[in-house]
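*Asks:* Can you read through this structure? Questions will come right after.
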Amino acid sequence: MEALKIFAYLLVYPGLLFLFFYSTLVQWADRKLYARFQNRMGPTYTGFCGMLQPIADFIKLMAKEDIVPAAADKGLFALAPILGLASVFTAALLLPVWHFSANVQSVTSFQGDLIVIAYLLSVPSLAYFLAGWASRSMFAAIGSVRVLTLLFSYEVPLFLAMLSPAVLAGSWRMAEIAAYYQQHPAHILFTLFLGFPVAITCLQAKLERVPFDIPEAETEIVGGAFTEYSGRKLAMFRLLIDVEMVVGAGFIAAIFLGGFPGGLVPGFVWFVLKTLAVIFVLCLIRAVTGRIRIEQMVNFSWRFLAPVAVIQLIIVILMKGFLP
Amino acid sequence: MSTFTIPVGPQHPALKEPTSFRLEVDGEVIVNADLRLGYNHRGIEKLAESRSYIQNLFLMERICGICSNAHTACFTHGVEKLMGIEVPKRATYIRCLIGELERVHSHLLWLGVAGHEVGFDTFFMYTWRDRETIMDLLELLSGNRVHYCLYTYGGVRRDLDEGQIQKCLEAIAFLRERTAYYLNLGATEPTFVARIAGVGKLPKEKALELCAVGPLARASGVAVDIRQDDPYVGFGEYIPFHIQTDEGGDLLARVIVRAKELMESYNICEYILKNLPAGEVRVKAPRKVPEGEVVSRVEAQRGEDIHYIRSNGTEKPDRVKVRAPTLANWPATLYMLKGAYVADTPIIMAGIDPCMSCTDRMVEIADVRGDVKVWDWETLRQYGMNFHGKRKV
Amino acid sequence: MKLQLGAMVPEVMKHLFRRTATIQVPFVPHPAPGNIRGTPVMDPLKCIGCKRCEMDCPAEAIEIKKEYEYKNEAGKLIRRFSMTLYVDRCTHCSQCAESCPVDAIQMDQHYDHAAYTREELKFLYKPEPMPVVAAQPAAPVADAPKA
């Protein structure tokens, strides 16, 4: 029985199958929302309201020819997407969706899993860098260097913003943090009002979406780190981006929005609702801004995001002092 | 410090038409820029010599899709000066209206492209959606969304009736408030302003020295506009016109100048529609053009467009030379690229509103030793075969 | 002007509830506006064979050929011409209709010419076959019409 549960956890929910299909739904929702914001239709014809469009795109990419440039480092070129995919799939297992028991620590829910999931979510940036660097192409080299510069600028505010709910809840385990905010929902509005926007902005930078899609600036450096990728490897990268979006949104929802209580089925419903709410906010930010330059991003994050996150931390520490 | 060369073009997502730039880059800063033109050369001037004047009306239109009317206007004005015919007043008003409507659609297009080059796709979608109003209007007036074919020697081919005038006035009122919104947005949206303020600075002396034309020059404070300096179709005589300039010299100034020109075009169109004189719209023009040569200029959407026409008394012109405004703006672009960031390349290039279809004509490079080489077809073919044979392609 | 964070948010949110600007052609019929120039249609009975349309067409899309000539009962010389219109070259500028001195060319409202072969886009406007006139000795000019 236990073995069956573990098997289902790994492969079905929240493992491979669920992630694959849910990430396509999230990509569809993002594209449809983005299109509606811009007064156009988005995917319409493939499936019901175009829901099968991301899957169709994935299948099309898998069927295309996989070209590897002659000068590229073949091993690293092929390894980069797999490395990224492996890390985000593993990170998804740590989300507190169906933890076998809320009070008992298990291998997927333990003290410190907050740090582990943040670390695993940084590995895709490393994968993008390796992908660009192994391509040995001019545009890819510029893109990969920009990935690292971007990582340098948003990672610290993200970690600082992540610390605040953990300090207030008094735990390093996401399931316990989520349970704390389920019991005290007022804190989300009145104490964490600075940390939540900072975390959303840093998540937008982690996912490399406008206004922070500097490493993959289409009009400047063609495709950035992904310029030389085609076929199956590009399909893997697209899947990586979508799954990262799901895991990032789930992560923010778990520590800021009160998690996914109730066990299997209510937890699943809460997961879908809360992640879609986070995706709505991310899509809105994407629709109303333009891309900024890399040095403007570094300026912005070190002059504005990091200090705001530190202030949020100070507020949380003061609150903790006054709370019974 | 070692620099490496980034090729931008001939195929690049930033460029709407093929141009070849070689940027020498040191980190993220461009040290030097070099340019190669000629990818869109179609032999328009040679084609014009073997077609009659009536056929050339339509050929000149197809030099460019966005400034199609400007080229036809320039050519027609020149030929009418050679023919010595006077166009009726109503026709002049209608010609001016179509020219200004084309300017509106071109500037809205440019606003969208500028938004797209900095990643601001929502702005792009909104401006192009509102541009559809003008395209539908032009389709209503002339039967086609581009290449209106309204000009003919001696006047225009179609007349406006009351229903069309009403629709035009409504469309212009709608576009006026949309343009005010875009101007406001372009100046207050932080990410957009961060990308265009202070970028691509062209000081006034440099603009004069490098002979910049059009909105590029006007955004640097140089008040040059053919509608004011060398008026045509009634500008200054009976159609009021005010030149729009800005002192900034950077991309934000260019956005502001184009938005102000949009508002000025709306004013001109409304004046024309409300004060259209009665009368006929065309007079008969001779088929053979008397001998002579003429230079005619119009203010196209991108700047000063010059046509030189020489006729020898037959039905076909002897020589036609077209100098499009974008050709005059390339030296200024190379100056702006030096010292700019790589990330600013697409928006600087898009800032002059480049149109390679307009630009690419025959440029004769004289060898400094004194002999000018002219190649015929066989020599060119042999050279091409040797060149590719050596590279084993 | 003062910078305003999120300057576009109200407008963008309003668009969520608005109908899209997309016209789903070809699933939704989208007729051309009434005054498009369309494709030339020639009336062979009116054509006098001056070939002005052929000279003035910027795309060289018109060929006028003499089909036959004969003298009718009244003794008048009747000439008939056919027009081959290469629709794939036509730019729909209607200069031919304007140049024709006898208004033999009218423009219709068709602009959508899609075909699988070039032959389908050669429109031939032929006059009726030459009538056999009994009284007069007819001397038809043998200009074999191109198939």
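The values are calculated or read from the model by the stated rules, or taken from the named source; none is laboratory data. Given the structure is predicted, the values throughout are model-derived calculations rather than measurements. Quick reminder, even Gly has a Cβ in these numbers, built from the backbone with ideal geometry, and neighbours come from all protein chains shown.
*Asks:* Kindly indicate which of C:Cys90, C:Cys53, C:Cys47 is away from chain B (no Cβ under 14 Å), modelled with pLDDT of 90 or more and buried (at least 20 other Cβ atoms within 10 Å of the Cβ). Outline the logic, then answer.
*Replies:* Working: C:Cys90 fails: away from chain B (no Cβ under 14 Å); C:Cys53 fails: away from chain B (no Cβ under 14 Å).
None of the other options fit; the residue is C:Cys47.
*Asks:* Please give the number of the condition C:Pro40 fails out of (1) more than 30 Å from B:Ile196 (Cβ to Cβ); (2) buried (at least 16 other Cβ atoms within 10 Å of the Cβ); (3) within 14 Å of another protein chain (Cβ to nearest Cβ); (4) more than 17 Å from the chain's Cα centre (by Cα).
*Replies:* Single failed check for C:Pro40: (4).
*Asks:* Being among the polar types (S, T, N, Q) and under 22 Å from B:Leu97 (Cα atoms) is the filter here; which residues of region B:205-236 pass it? Steps first, answer last, please.
*Replies:* Taking region B:205-236 first, the residues among the polar types (S, T, N, Q) are B:220, B:228.
The one that is among the polar types (S, T, N, Q) and under 22 Å from B:Leu97 (Cα atoms): B:Gln228.
*Asks:* Taking the stated definitions as given, is C:Lys122 closer than 26 Å to C:Arg52 by Cβ, at pLDDT 90 or above and among the charged types (D, E, K, R)? Spell out how you get there, then give the answer.
*Replies:* On the way: closer than 26 Å to C:Arg52 by Cβ: yes; at pLDDT 90 or above: yes; among the charged types (D, E, K, R): yes.
Taking the combined requirement at face value, the residue satisfies it.
*Asks:* I need a count of the residues in region A:296-318 that are farther than 24 Å from C:Met8 by Cβ and within 14 Å of another protein chain (Cβ to nearest Cβ). Explain how you work it out, then say what you get.
*Replies:* First, pick out the residues of region A:296-318 that are farther than 24 Å from C:Met8 by Cβ: A:298, A:302, A:306-307, A:309-318.
Now restrict to residues that are within 14 Å of another protein chain (Cβ to nearest Cβ): A:298.
Summing the residues that are farther than 24 Å from C:Met8 by Cβ and within 14 Å of another protein chain (Cβ to nearest Cβ) in region A:296-318 gives 1.
*Asks:* So if I check each of A:Ala249, A:Ala253, A:Ala277, which one is in contact with a Ser or Thr (Cβ under 8 Å, 6 or more places away or on another chain) and over 26 Å from A:Ala80 (Cβ atoms)?
*Replies:* Numbers: A:Ala249 fails: over 26 Å from A:Ala80 (Cβ atoms); A:Ala277 fails: in contact with a Ser or Thr (Cβ under 8 Å, 6 or more places away or on another chain).
Within the list A:Ala249, A:Ala253, A:Ala277, the selection yields A:Ala253.
*Asks:* List pairs: first in region A:203-226 and more than 8 Å from every other protein chain (Cβ to nearest Cβ), second polar (S, T, N, Q) and assigned to a helix (DSSP H, G or I), Cβ under 6 Å, 6+ apart or cross-chain?
*Replies:* Final answer for the pair search is A:Phe212/A:Gln204; A:Ala225/A:Ser144.
*Asks:* Taking the conditions exactly as written (at positive phi and at pLDDT below 95), does A:Asn39 satisfy them or not? First the steps, then the outcome.
*Replies:* On the way: at positive phi: yes; at pLDDT below 95: yes.
Against the criterion (at positive phi and at pLDDT below 95), A:Asn39 qualifies.
*Asks:* Sticking with this structure for a sec: Out of all the residues in region A:138-156, which are within 13 Å of chain B (Cβ to nearest Cβ) and crowded, with 21+ Cβ neighbours inside 10 Å? Can you show your working first?
*Replies:* Step one: filter region A:138-156 for residues within 13 Å of chain B (Cβ to nearest Cβ), giving A:138-143, A:145-146, A:149-150.
A:Phe139, A:Ala140, A:Ile142, A:Gly143, A:Arg146, A:Leu150, listed by residue number.
*Asks:* Of the residues in region C:2-34, how many are crowded, with 16+ Cβ neighbours inside 10 Å and touching a Lys or Arg at 6+ places or on another chain (Cβ under 8 Å)?
*Replies:* Residues flagged as crowded, with 16+ Cβ neighbours inside 10 Å and touching a Lys or Arg at 6+ places or on another chain (Cβ under 8 Å) within region C:2-34 amount to 3.
*Asks:* Which fully enclosed helices (runs of 4 or more DSSP H) of region A:174-257 have 2 or more residues being within 16 Å of the chain's Cα centre (by Cα) and either over 19 Å from A:Ala29 (Cβ atoms) or modelled with pLDDT under 90 (or both)?
*Replies:* Details: elements: A:174-183, A:186-190, A:195-206, A:218-221, A:231-256.
Of the helices (runs of 4 or more DSSP H) lying wholly inside region A:174-257, those with at least 2 residues that are within 16 Å of the chain's Cα centre (by Cα) and either over 19 Å from A:Ala29 (Cβ atoms) or modelled with pLDDT under 90 (or both) span A:195-206, A:231-256.
*Asks:* Does B:Glu45 fit the bill of being more than 14 Å from chain C (Cβ to nearest Cβ), surrounded by fewer than 24 Cβ atoms within 10 Å (Cβ to Cβ) and touching a residue at least 40 places away in the same chain (Cβ under 8 Å)?
*Replies:* Details: more than 14 Å from chain C (Cβ to nearest Cβ): yes; surrounded by fewer than 24 Cβ atoms within 10 Å (Cβ to Cβ): yes; touching a residue at least 40 places away in the same chain (Cβ under 8 Å): yes.
The answer is yes for B:Glu45.
*Asks:* Does region B:1-42 hold any residues that are touching a strand residue (DSSP E or B) at 6+ places or on another chain (Cβ under 8 Å), away from chain A (no Cβ under 14 Å) and either closer than 24 Å to A:Val145 by Cα or not hydrophobic (A, V, I, L, M, F, W, C) (or both), and which are they?
*Replies:* Result: B:Met1, B:Thr19, B:Ser20, B:Val31, B:Asn32, B:Ala33, B:Asp34, B:Arg36, B:Tyr39.
*Asks:* Still on this model: Looking at region A:162-183, can you tell me whether even one residue there is in contact with a strand residue (DSSP E or B) (Cβ under 8 Å, 6 or more places away or on another chain), among the hydrophobic types (A, V, I, L, M, F, W, C) and buried (at least 19 other Cβ atoms within 10 Å of the Cβ)? Show your work before the answer.
*Replies:* Taking region A:162-183 and keeping what is in contact with a strand residue (DSSP E or B) (Cβ under 8 Å, 6 or more places away or on another chain), we get A:173-175.
Next, only the ones that are among the hydrophobic types (A, V, I, L, M, F, W, C) stay: A:174-175.
Okay, now just the ones that are also buried (at least 19 other Cβ atoms within 10 Å of the Cβ), so A:174-175.
Within region A:162-183 (the criterion being in contact with a strand residue (DSSP E or B) (Cβ under 8 Å, 6 or more places away or on another chain), among the hydrophobic types (A, V, I, L, M, F, W, C) and buried (at least 19 other Cβ atoms within 10 Å of the Cβ)), the answer is yes, since at least one residue qualifies.
*Asks:* Also, I was wondering about something else. Does at least one position in region C:2-17 carry a residue that is free of Cβ contacts under 8 Å to residues at least 40 places away in the same chain, within 14 Å of chain B (Cβ to nearest Cβ), more than 21 Å from the chain's Cα centre (by Cα) and farther than 30 Å from A:Asp30 by Cα? Write out each step before concluding.
*Replies:* Let us first name the residues in region C:2-17 that are free of Cβ contacts under 8 Å to residues at least 40 places away in the same chain, namely C:2-17.
Adding the requirement that they be within 14 Å of chain B (Cβ to nearest Cβ) leaves C:2-16.
Narrowing further to those that are more than 21 Å from the chain's Cα centre (by Cα): C:2-16.
Now restrict to residues that are farther than 30 Å from A:Asp30 by Cα: C:2.
Yes, there is a match, as at least one residue in region C:2-17 is free of Cβ contacts under 8 Å to residues at least 40 places away in the same chain, within 14 Å of chain B (Cβ to nearest Cβ), more than 21 Å from the chain's Cα centre (by Cα) and farther than 30 Å from A:Asp30 by Cα.
*Asks:* Can you spot a residue in region B:164-178 that is part of a helix (DSSP H, G or I), polar (S, T, N, Q), more than 24 Å from the chain's Cα centre (by Cα) and within 14 Å of chain A (Cβ to nearest Cβ)? Steps first, please.
*Replies:* Pass one, region B:164-178, residues part of a helix (DSSP H, G or I): B:164-178.
Narrowing further to those that are polar (S, T, N, Q): B:164, B:166.
Now narrow it down to the ones that are more than 24 Å from the chain's Cα centre (by Cα): B:164, B:166.
Narrowing further to those that are within 14 Å of chain A (Cβ to nearest Cβ): none.
No: region B:164-178 contains no residue that is part of a helix (DSSP H, G or I), polar (S, T, N, Q), more than 24 Å from the chain's Cα centre (by Cα) and within 14 Å of chain A (Cβ to nearest Cβ).
*Asks:* Determine whether A:Leu79 is in a helix (DSSP H, G or I) and either over 19 Å from the mean Cα position of the chain (by Cα) or among the β-branched types (Val, Ile, Thr) (or both). Even if it seems obvious, please write down each step before you answer.
*Replies:* Details: in a helix (DSSP H, G or I): yes; either over 19 Å from the mean Cα position of the chain (by Cα) or among the β-branched types (Val, Ile, Thr) (or both): yes.
Yes, satisfied.
*Asks:* Identify the residue in region B:137-152 that is of a type in the set (A, V, I, L, M) and more than 10 Å from chain C (Cβ to nearest Cβ) and, among all such residues, is surrounded by the most Cβ atoms within 10 Å (Cβ to Cβ). Can you show your working first?
*Replies:* Initial filter on region B:137-152 (of a type in the set (A, V, I, L, M)): B:137-138, B:140-141, B:146, B:150.
Pick out the ones that are also more than 10 Å from chain C (Cβ to nearest Cβ) and you get B:137-138, B:146, B:150.
Details: B:Leu137: 22, B:Leu138: 22, B:Val146: 17, B:Leu150: 24.
By that ranking, first place goes to B:Leu150.
*Asks:* When only residues in region C:103-117 that are farther than 11 Å from C:Thr39 by Cβ and surrounded by 11 or more Cβ atoms within 10 Å (Cβ to Cβ) count, which is nearest to the other protein chains (Cβ to nearest Cβ)? First the steps, then the outcome.
*Replies:* From region C:103-117, those farther than 11 Å from C:Thr39 by Cβ are C:103-104, C:114-117; that's our starting set.
Pick out the ones that are also surrounded by 11 or more Cβ atoms within 10 Å (Cβ to Cβ) and you get C:104, C:115.
Working: C:Ala104: 18, C:Ala115: 21 Å.
Selected residue: C:Ala104.
*Asks:* Pick out the one residue from A:Leu192, A:Leu234 that is over 23 Å from A:Ser106 (Cα atoms), touching a residue at least 24 places away in the same chain (Cβ under 8 Å), more than 14 Å from chain B (Cβ to nearest Cβ) and crowded, with 24+ Cβ neighbours inside 10 Å.
*Replies:* On the way: A:Leu234 fails: crowded, with 24+ Cβ neighbours inside 10 Å.
Checking each option against the conditions leaves just A:Leu192.
*Asks:* Quick one: would you say A:Ile6 is away from chain B (no Cβ under 14 Å), assigned to a helix (DSSP H, G or I) and over 29 Å from A:Pro211 (Cβ atoms)? Before you say what the answer is, go through the steps one by one.
*Replies:* Working: away from chain B (no Cβ under 14 Å): yes; assigned to a helix (DSSP H, G or I): yes; over 29 Å from A:Pro211 (Cβ atoms): yes.
So A:Ile6 passes the test.
*Asks:* Next question. Scan region B:105-119 and tell me whether some residue there is under 17 Å from the mean Cα position of the chain (by Cα), within 14 Å of another protein chain (Cβ to nearest Cβ) and surrounded by 24 or more Cβ atoms within 10 Å (Cβ to Cβ).
*Replies:* At the first step, the residues of region B:105-119 found to be under 17 Å from the mean Cα position of the chain (by Cα) are B:105-114.
This time we only want the ones that are within 14 Å of another protein chain (Cβ to nearest Cβ), so: B:111-114.
Pick out the ones that are also surrounded by 24 or more Cβ atoms within 10 Å (Cβ to Cβ) and you get B:111, B:114.
Scanning region B:105-119 turns up at least one residue that is under 17 Å from the mean Cα position of the chain (by Cα), within 14 Å of another protein chain (Cβ to nearest Cβ) and surrounded by 24 or more Cβ atoms within 10 Å (Cβ to Cβ).
*Asks:* Can I ask one more? Can you pull out the residues in region A:138-171 that are farther than 30 Å from B:Val8 by Cα, at pLDDT below 90 and of a type outside the set (A, V, I, L, M)?
*Replies:* A:Gly170, A:Ser171
*Asks:* Determine which member of the set A:Leu284, A:Leu273 is within 14 Å of another protein chain (Cβ to nearest Cβ), in a helix (DSSP H, G or I) and not polar (S, T, N, Q).
*Replies:* Numbers: A:Leu273 fails: within 14 Å of another protein chain (Cβ to nearest Cβ).
After ruling out the rest, the residue left standing is A:Leu284.
*Asks:* Report yes if B:Tyr93 is in contact with a helix residue (DSSP H, G or I) (Cβ under 9 Å, 6 or more places away or on another chain) and either more than 14 Å from chain A (Cβ to nearest Cβ) or surrounded by fewer than 22 Cβ atoms within 10 Å (Cβ to Cβ) (or both), otherwise no.
*Replies:* On the way: in contact with a helix residue (DSSP H, G or I) (Cβ under 9 Å, 6 or more places away or on another chain): yes; either more than 14 Å from chain A (Cβ to nearest Cβ) or surrounded by fewer than 22 Cβ atoms within 10 Å (Cβ to Cβ) (or both): yes.
Yes: the conditions hold for B:Tyr93.
*Asks:* With the requirement that a residue be modelled with pLDDT of 90 or more and of a type in the set (S, T, N, Q), what does region C:95-119 give you?
*Replies:* Across region C:95-119, the qualifying residues are C:Gln95, C:Ser99, C:Gln106, C:Thr117.
*Asks:* Sticking with this structure for a sec: Considering every residue within region B:57-78, establish whether at least one is touching a Lys or Arg at 6+ places or on another chain (Cβ under 9 Å), within 16 Å of A:Ile221 (Cα to Cα) and modelled with pLDDT of 90 or more.
*Replies:* Checking region B:57-78: not a single residue is touching a Lys or Arg at 6+ places or on another chain (Cβ under 9 Å), within 16 Å of A:Ile221 (Cα to Cα) and modelled with pLDDT of 90 or more.
*Asks:* Just one of (1) within 14 Å of another protein chain (Cβ to nearest Cβ); (2) surrounded by fewer than 15 Cβ atoms within 10 Å (Cβ to Cβ); (3) not in a helix (DSSP H, G or I) trips up A:Ala70, so point out which.
*Replies:* Going through (1) within 14 Å of another protein chain (Cβ to nearest Cβ); (2) surrounded by fewer than 15 Cβ atoms within 10 Å (Cβ to Cβ); (3) not in a helix (DSSP H, G or I) one by one, A:Ala70 breaks only (1).
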